[in-house]
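Since the structure comes first, as structure tokens, the remarks are kept for the end.
The values are calculated or read from the model by the stated rules, or taken from the named source; none is laboratory data. This is a predicted model, so every value here is computed, not measured. As a convention, Cβ positions derive from the backbone with ideal geometry for all residues, glycine included, and neighbour counts pool all protein chains shown.
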Amino acid sequence: MAPTPFGLALLALGIDEGDEVITVPNTFIATAEAITYCKARPVFVDVDPKTFTMNPAELEKSLTERTKAIIRGSPFRATGGHGPDSGICTRQRTFRRRRCRSGAWR
């Protein structure tokens, strides 16, 4: 499988075998493919039923020492602002990226 720009971005961040990358299950399949391309493990966190974005309480439960990045899938272009994961990423020293359904980076 050839690397996608998304996979290359994860590699550039140093995501490697044994690392965990948290994302949501309702994102496009390319997100999980990019994570596994780096030999990292995707960890799927459930979404809030009102916003369809990552559930902050579930995110907190999913964090481990191996968590290196959090990718917020944004279906229907529901950005939901910066959200609580911004503070979590700062505290955990993990990378954070939001990707809209259109594939545009924000």
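Observations
- Look at region 25-38: where a residue is under 16 Å from residue 53 (Cα atoms) and a partner is of a type outside the set (Ser, Thr, Tyr) and part of a loop (DSSP other than H, G, I, E, B), sitting 6+ places away or on another chain with Cβ atoms under 9 Å, you get 25/45; 25/46; 26/52; 27/101; 28/101; 28/103; 31/24.
- Residue 93 vs. criteria modelled with pLDDT of 70 or more, closer than 20 Å to residue 11 by Cα and among the charged types (D, E, K, R): no
- Taking the criterion of being over 23 Å from residue 61 (Cβ atoms) and surrounded by fewer than 21 Cβ atoms within 10 Å (Cβ to Cβ), the residues of region 24-48 that qualify are 28, 29, 30, 33, 37, 39.
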